[in-house]
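The values are calculated or read from the model by the stated rules, or taken from the named source; none is laboratory data. Since the structure is predicted, the reported quantities are computational estimates derived from the model, not experimental observations. Methodologically, a virtual Cβ is constructed for each residue, glycine included, from the backbone with ideal geometry; neighbour enumeration extends over all protein chains shown. For accessibility, only protein heavy atoms count, side chains too; no ligands or nucleic acids. Shrake-Rupley method; radii C 1.70, N 1.55, O 1.52, S 1.80 Å.
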Amino acid sequence: MYLSQRFSMPSPQLKLPTIQNWNCHNCGGCCKQHQIEITLEEKERIEKQRWEEDDSIPGGKPVIVKMGLTPASQRYRLAHQEDGSCIFLNEQGLCRIHAKFGEPAKPLACQVYPYAFHPAGNDVAVSLRFSCPSVVSNLGERVDRQEAAIRKIANQVLPKRYQTPPAPKLTARESVGWPDTLKAVTALSRFFADKEIPVQTSLIRALGWMELIEQSRFSIIQGERFTEFLELITQAVDQELPPDLELPRTPPGRLGGIQFRLLAAQYARKDTHAEAAKGLGRRMSLLMSALKFTRGKGEVPPLQERFKSVPFAALEEPFGPLPEESEKLFSRYFRVKIQGLHFLGAAYYDIPFVEGFYHLTLMFPSILWIARWIAAGEGRTALTAEDVNEAMTIADHHHGYSPVFGMPHFRSRVKTLSRSGDLKKLISWYGQ
Ligand code: SF4
């Protein structure tokens, strides 16, 4: 949940995705994956609920855990059960707080998930987290028809008085202000709107378009001129990288392969409280795993219980074309993330537009690499739509939320992949 404390309009418009459905289907997945940090006010509210007198809490445990070593750094989170799930998750996969006191009594983080609210000029763009299986499977009512309910959540999330924050940078050196940034976002999203164009081709075309932005200077290209500029570079891409482009299956270079495996392994991890609590032993095993991912030989170390040990080589074989449903899923995924500004600025480690899109693009080969791992673990050499769905929930859990992806060494890995051309090779290598 990335919230700006800096808006200035009293009640910003919500820009809701029109191609995404969602309702909670009580799978309890979010209550197993996430560590729920609570505010002091929420702590006091939960304490007043007197859970110590409720024998449904497993083992009569404390329900709140204090974090931070000094009074200044003190924070609180909900306790976890042995299996890593939230202390309030019951055997039926339902929330005990919700069942006993109603939804508004839950911590705000639980009410917000899987929505994410991001500044978009004077408006607020709403995106969704595809770590939720119902989001991935597009289950429930259209999100844009749930505006009243989402507005209630947004009102709690957004500060009462706020200022519109500055626009994210366009590139490392250039900024163009909100109106032009939003035009660029709309133009980028169009690459994924045509259902007839395979998503791999759309990604390659969008990357070509991004490269033209990255090479340009915008001191005098603003407003009308910026609109013309976007039209021109879109036409250039249509000529150079037409929608019927043939994509050869070329492997990434050796260095690119290493960089990619290290990044994809990070997306495949499970960073729950239960895993982190394994302490030094887990850190040593992660270090050993990193060495194996660098070598890329032998068996892939199983980073979490879901994965079976398979040879690295098995993930590099052709797996055939993507299932049709997965094509549709990826195109919805990219459109929701782009329109929801879920890849740059406040939503994504304060990274500029172009660099943020390189990170978002990397999700495609990373998800497919994880899906191959799931399939190969079951002895299959072709992907099912379910493999891709599950891989997306695993990888998107980290997108914009694991601090490591905003760190300089990870950012530099993604930059190297884009500059070397390996990012494009990875798209077609794992997409076929
Ligand atoms: S408080 Fe309820 S909704 Fe929130 S994580 Fe725990 S069980 Fe899930």
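Return the calculated 222 nm mean residue ellipticity for the chain, to the nearest 500 deg cm²/dmol, obtained by summing -39500 (n - 2.57) across DSSP H runs with n ≥ 4 and dividing by the residue count.
Here the helix-only value at 222 nm equals -14000 deg cm²/dmol.
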Share of the chain's accessible area from carbon and sulfur, percent, 1.4 Å?
-> 53 percent
Could you pull out every one of the lysines with an alpha carbon less than 27 Å from that of residue 292, ignoring same-chain neighbours closer than 8 positions?
-> 270, 278, 308, 415, 424, 425
Return the long-range amide H neighbours of residue 21 (sequence gap of 5 or more, or a different chain), with a cut-off of under 5 Å between placed amide H atoms.
-> 143
For residue 183, go through the lysines and keep the ones whose alpha-carbon is under 20 Å away, minus same-chain ones fewer than eight residues off.
-> 15, 169, 337
Which helices, counted as full DSSP H runs in the chain, have an axial Cα extent of no less than 27 Å and a Kyte-Doolittle average of -0.5 or above?
-> 353-377
Using a 1.4 Å probe and ignoring any ligands, DNA or RNA, find the accessible area of residue 416 and quote it in Å² to the nearest 10.
-> 50 Å²
From largest accessible area down, sort 418, 219; use a 1.4 Å probe on the protein chains.
-> 219, 418
Orphan Cys of the chain, criterion: no other Cys C-beta under 4.7 Å = 24, 27, 30, 95, 110, 132
Beta carbons within 10 angstrom, averaged per residue: use that to sort the peptides 51-61, 392-402, 148-158, highest first.
-> 392-402, 148-158, 51-61
Exposure rank, largest accessible area first [315, 322, 245, 69; 1.4 Å] = 69, 245, 322, 315
Determine which aspartates and glutamates satisfy two conditions relative to residue 297: a Cα distance under 15 Å, and not lying fewer than 8 residues away in the same chain.
-> 316, 317
The farthest towards the positive end of the charge dipole of the chain, of the residues 389, 29, 134, given +1 on Cβ of Lys and Arg and -1 on Cβ of Asp and Glu, is 29
When the chain is treated as a Gaussian network with springs between alpha carbons less than 10 Å apart, the largest mean-square fluctuation among 325, 246, 316 is found at 246
What order do 372, 173, 45 take when sorted by accessible area (1.4 Å probe), most exposed first?
-> 173, 45, 372
Please report, in whole Å, how far the alpha carbons of the chain spread along each principal axis, starting with the longest.
-> 69, 56, 42
Per-residue SASA entry for residue 227, accessible area with 1.4 Å probe, Å² rounded to 10 | 40 Å²
So if we plug the beta-carbon distance of residue 240 and residue 380 into 1/(1 + (r/R0)^6) with R0 = 41 Å, what FRET efficiency do we get, rounded to 0.05?
-> 0.65
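With N residues in region 14-157, what two-decimal value do you get for its Cα radius of gyration over 2.2 N^0.38 Å?
Working it through for region 14-157, the quotient is 1.12.
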Probe 1.4 Å, accessible area per residue of the chain, Å² | 47 Å²
